[in-house]
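What follows is a short report on a single structure.
The values are calculated or read from the model by the stated rules, or taken from the named source; none is laboratory data. What you are looking at is a predicted structure, and each value in this text was computed from that prediction instead of being measured. Counting neighbours? That spans all protein chains shown, and the Cβs are built from the backbone with ideal geometry, glycine included. Areas reflect the complete protein model, heavy atoms only, side chains present, ligands, DNA and RNA absent. Shrake-Rupley method; radii C 1.70, N 1.55, O 1.52, S 1.80 Å.
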2 protein chains.
Amino acid sequence: RNRVLVTGGAGFVGSHLCTYLVERGDHVICVDNFFTGSKENVAHLLGKTNFELIRHDVVEKLLLEVDQIFHLACPASPVHYKYNPIKTIKTSFIGTMNMLGLAKRTRARFLLTSTSEVYGDPLEHPQTESYWGNVNPIGERSCYDEGKRAAECLTFDYQREHDLEVRVVRIFNTYGPHMALDDGRVVSNFVAQALTGQPLTIYGDGQQTRSFQYVSDLVEGMVRVMDGPYTGPFNIGNPTEFTMLELAQVVKEVVNPNATIVYKENTADDPSRRKPDISKAKKMLGWEPKVALRDGLSRMVSDFAKRLDVEV
Amino acid sequence: RNRVLVTGGAGFVGSHLCTYLVERGDHVICVDNFFTGSKENVAHLLGKTNFELIRHDVVEKLLLEVDQIFHLACPASPVHYKYNPIKTIKTSFIGTMNMLGLAKRTRARFLLTSTSEVYGDPLEHPQTESYWGNVNPIGERSCYDEGKRAAECLTFDYQREHDLEVRVVRIFNTYGPHMALDDGRVVSNFVAQALTGQPLTIYGDGQQTRSFQYVSDLVEGMVRVMDGPYTGPFNIGNPTEFTMLELAQVVKEVVNPNATIVYKENTADDPSRRKPDISKAKKMLGWEPKVALRDGLSRMVSDFAKRLDVEV
Ligand SMILES: NC(=O)c1ccc[n+]([C@@H]2O[C@H](COP(=O)([O-])OP(=O)(O)OC[C@H]3O[C@@H](n4cnc5c(N)ncnc54)[C@H](O)[C@@H]3O)[C@@H](O)[C@H]2O)c1
Ligand SMILES: NC(=O)c1ccc[n+]([C@@H]2O[C@H](COP(=O)([O-])OP(=O)(O)OC[C@H]3O[C@@H](n4cnc5c(N)ncnc54)[C@H](O)[C@@H]3O)[C@@H](O)[C@H]2O)c1
Ligand SMILES: O=c1ccn([C@@H]2O[C@H](COP(=O)(O)OP(=O)(O)O)[C@@H](O)[C@H]2O)c(=O)[nH]1
Ligand SMILES: O=c1ccn([C@@H]2O[C@H](COP(=O)(O)OP(=O)(O)O)[C@@H](O)[C@H]2O)c(=O)[nH]1
Ligand SMILES: O=c1ccn([C@@H]2O[C@H](COP(=O)(O)OP(=O)(O)O)[C@@H](O)[C@H]2O)c(=O)[nH]1
Ligand SMILES: O=c1ccn([C@@H]2O[C@H](COP(=O)(O)OP(=O)(O)O)[C@@H](O)[C@H]2O)c(=O)[nH]1
């Protein structure tokens with residue numbers, strides 16, 4: 001039986017990954033400090049004999065016996081990671097170091113969930129894995145961006161120095177059920193706003209772009225990378241690009257045609273566009289996303305409506 | 001009396017800084033693990049009442065009472081920092097975190113010695129402080145480059161979160177007496193080779209450029225930044241640019257006209273050119289370098305000849 005550690009497993013992505021792994025029969029250990037995640041996200045797994053939940057902060061040492069480590073623990077939304085930047089970069093660097101130390105001791109395979117933010121405000125478009133990025137090292141977003149870059153670096157150094165089996169995925173904007181309601185990311189904001197009759201908040205002029213991936217496509221991609229023979233890094237994202245204004249239109253159509261839009265000031269160093277080149281994952285892993293934005297949004301509406309206690 | 005901690009104080013730059021500070025009357029505490037530094041570098045200070053030497057690794061916690069911290073501890077030569085990349089990035093990140101923690105507790109002013117390597121293989125030339133860099137996050141040099149970028153990020157986050165007084169200098173290639181003989185950097189290699197009748201080793205085609213600063217100019221710049229009112233980052237370097245081939249010619253002229261040249265394969269991700277734009281330091285601090293390459297080289301020859309036991 002495959003013993004799998006999922007750090008950050010009570011978060012948005014982690015909870016979907018845990019569900020997938022439990023269903024396929026792995027023995028899953030979910031580790032989380034509940035900073036942005038919650039027990040509710042994994043409530044449906046608590047009764048299973050092949051699922052275990054541990055409250056632990058990855059900045060501290062952790063002793064377990066496992067075969068695979070999916071390392072997700074890290075706040076991911078700008079609102080959350082800017083809340084305590086020192087803690088964010090400590091989580092990214094020291095958390096990754098500890099999980100690599102654990103992997104080294106147990107000879108487990110280790111997968112790091114890195115991010116498209118390692119490309120910063122990219123000068124190359126779409127972004128391929130060989131692009132080195134355009135990242136402000138000392139700005140407000142740097143705790144996250146530089147934290148992840150340092151975590152990637154450390155991961156490759158453990159591979160080179162200790163012959164560890166490592167995997168790196170660079171995740172592009174992902175959405176779906178279980179996103180925290182107070183998360184502040186654009187899709188969860190728009191969906192919650194549309195459901196509760198608040199105006200959709202567009203930051204800046206709404207011309208900046210992102211490419212949105214539904215969470216099941218991401219989970220499928222992560223598992224392929226973990227179980228496959230290649231280190232990566234692999235871009236895992238949906239290459240269909242939208243401006244924030246276009247996204248607002250789609251949310252209106254799918255969730256609430258009467259929703260209005262307000263414009264707010266944008267935040268510092270906001271990347272102006274982002275779109276993954278996924279040829280590498282396509283070619284080497286046979287992976288590509290399947291869920292279109294409209295379909296994915298409909299699937300997340302019922303979860304959000306229930307948690308927001310509104311009728312749809 | 002000003003109590004000053006100099007981490008990495010037994011290294012090349014650190015030993016010159018300690019000498020300067022002891023001479024001006026500060027109480028200097030030099031902390032070093034002697035990975036690349038040596039007691040010989042500070043031997044002339046050991047008898048002074050205002051100098052103290054502590055063997056300590058900055059990856060471990062350190063409790064001291066001080067007013068200023070010059071944080072230099074980190075291997076700086078590619079040969080040394082690639083020797084154990086995991087240790088290098090731990091030193092950079094955790095070492096800086098510990099010294100920031102110390103600064104926070106004592107309310108000391110903290111100066112980080114960052115590097116021109118944060119610009120990577122720069123696409124902007126010369127480099128200004130606002131340039132975000134072109135750095136490979138997962139290559140062989142990344143432990144140093146990304147380690148320093150993460151250290152800068154952490155430093156600014158301590159300033160923003162805890163109102164700490166911080167200073168950041170980005171040092172460009174520096175040379176002078178006390179460079180380790182086995183250091184592998186280009187100036188120490190060429191000078192040692194010219195003195196011992198070995199051919200000067202040029203890596204690659206010799207067309208890559210660097211701008212070389214004599215160590216006394218750097219010490220002057222660092223002290224100005226520390227004692228001045230501005231956070232930085234400040235580029236501290238000499239803007240006169242040389243190809244490695246030109247450098248070899250100058251070393252021949254100054255040290256040994258009979259020296260020959262051999263070409264060797266270059267290392268991965270070697271930056272193709274580097275030259276600081278120092279307008280910011282000039283304008284805000286009234287600082288600029290004074291020692292030309294020929295003069296600096298002559299000054300380091302006697303130190304190298306003595307340590308290599310050759311006559312000049
Ligand atoms: N969702 C995206 O669009 C996206 C994009 C790029 C990268 N990622 C990466 O994927 C991972 C998961 O992101 P998410 O969207 O699920 O975010 P999330 O905030 O929902 O999940 C992160 C989880 O990690 C936990 N955590 C945070 N710090 C911790 C610590 N110190 N110790 C233990 N647990 C800790 C949180 O409590 C939470 O459960 C993150 O590493 C993130 O950087 C996500
Ligand atoms: N000399 C340059 O051209 C240059 C250029 C850019 C940046 N810098 C920076 O300036 C600083 C000093 O560089 P240098 O040229 O004097 O190098 P150096 O190797 O001579 O000095 C570094 C010193 O730090 C000590 N050290 C290393 N790891 C340590 C640890 N974990 N704990 C305690 N001490 C440790 C070493 O023993 C050594 O004495 C470094 O931070 C370097 O990154 C130097
Ligand atoms: O089962 C383990 C093994 C190690 N570590 C942590 O992982 C880090 C890195 O471990 P490694 O063995 O690589 O480094 P070292 O202990 O030699 O510093 C250490 O700080 C440990 O705290 C852990 O949390 N669990
Ligand atoms: O309510 C919101 C939240 C975010 N954004 C914008 O949406 C984009 C994506 O932001 P998000 O926080 O979702 O993720 P990021 O890709 O910036 O990490 C950015 O340009 C934000 O400025 C927005 O217009 N309205
Ligand atoms: O005098 C001190 C105070 C702190 N630290 C170290 O600095 C780090 C960061 O300290 P801070 O107080 O910022 O963080 P915290 O202790 O809250 O994690 C800690 O891990 C300590 O080990 C230190 O070496 N000397
Ligand atoms: O014996 C040597 C050592 C270095 N170099 C080259 O000199 C430049 C500066 O290298 P160094 O290690 O001094 O510092 P860096 O600026 O790369 O950190 C690089 O292009 C090296 O490839 C060289 O030609 N011969």
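Things worth noting here:
- Number of positions in the stretch B:129-176 that are among the hydroxyl-bearing types (Ser, Thr, Tyr), closer than 27 Å to B:Ala108 by Cα and within 7 Å of another protein chain (Cβ to nearest Cβ): 1
- In the set (1) crowded, with 18+ Cβ neighbours inside 10 Å; (2) within 16 Å of ligand 6 (Cβ to nearest atom); (3) of a type in the set (Lys, Arg), B:Arg273 fails one condition alone, (1).
- In the stretch B:111-120, the count of residues that are part of a helix (DSSP H, G or I), facing another protein chain (nearest Cβ under 9 Å) and more than 16 Å from ligand 4 (Cβ to nearest atom) is one or more.
- Within the stretch A:13-38, being under 16 Å from A:Met179 (Cβ atoms), more than 16 Å from ligand 5 (Cβ to nearest atom) and open to solvent by 20 Å² or more (accessible area, probe 1.4 Å) holds for A:Val13, A:His16, A:Thr19, A:Phe34, A:Thr36, A:Ser38.
- Scanning the stretch A:179-213 for residues that are of a type outside the set (D, E, K, R), more than 10 Å from ligand 4 (Cβ to nearest atom) and surrounded by fewer than 24 Cβ atoms within 10 Å (Cβ to Cβ) yields A:Ala180, A:Leu181, A:Leu195, A:Thr196, A:Gly197, A:Gln198, A:Pro199.
- The listed residues are B:Thr115, B:Thr209, and the only one of them that is among the polar types (S, T, N, Q), free of Cβ contacts under 8 Å to residues at least 60 places away in the same chain and away from ligand 3 (no atom under 16 Å from the Cβ) turns out to be B:Thr115.
- Residue match in the stretch B:46-67 (condition: within 14 Å of another protein chain (Cβ to nearest Cβ), more than 28 Å from B:Arg273 (Cα to Cα), of a type in the set (Gly, Ala, Ser) and away from ligand 1 (no atom under 16 Å from the Cβ)): no
- Tally, over the stretch B:70-114, of residues that are open to solvent by 10 Å² or more (accessible area, probe 1.4 Å), in contact with an Asp or Glu (Cβ under 8 Å, 6 or more places away or on another chain), within 16 Å of ligand 6 (Cβ to nearest atom) and under 20 Å from A:Glu146 (Cβ atoms): 1
- Matching residues in the stretch B:118-166 - criterion: being in contact with a Gly (Cβ under 6 Å, 6 or more places away or on another chain), buried (at least 24 other Cβ atoms within 10 Å of the Cβ) and either over 20 Å from B:Ala76 (Cβ atoms) or touching a residue at least 60 places away in the same chain (Cβ under 8 Å) (or both): B:Tyr119, B:Gly120
- For A:Gly232, the stated conditions hold: it is buried (at least 22 other Cβ atoms within 10 Å of the Cβ) and at positive phi.
- Residues in the stretch B:30-46 that are touching a Ser or Thr at 6+ places or on another chain (Cβ under 9 Å) and aliphatic (A, V, I, L, M) were compared, and the one that is farthest from ligand 4 (Cβ to nearest atom) is B:Leu45.
- Checked against the criteria, A:Leu112 counts as over 26 Å from B:Gly232 (Cβ atoms) and within 18 Å of the chain's Cα centre (by Cα).
- Within the stretch B:150-196, the set of residues being within 17 Å of the chain's Cα centre (by Cα), modelled with pLDDT of 95 or more and among the charged types (D, E, K, R) comprises B:Glu152, B:Arg167, B:Arg170, B:Arg185.
- Residue list for the stretch B:67-112, restricted to those being within 16 Å of ligand 3 (Cβ to nearest atom) and among the aromatic types (Phe, Trp, Tyr): B:Tyr83, B:Phe93
- Residue that is within 14 Å of chain B (Cβ to nearest Cβ), in contact with a helix residue (DSSP H, G or I) (Cβ under 6 Å, 6 or more places away or on another chain) and not hydrophobic (A, V, I, L, M, F, W, C), where the choices are A:Thr91, A:Thr96, A:Thr36: A:Thr96
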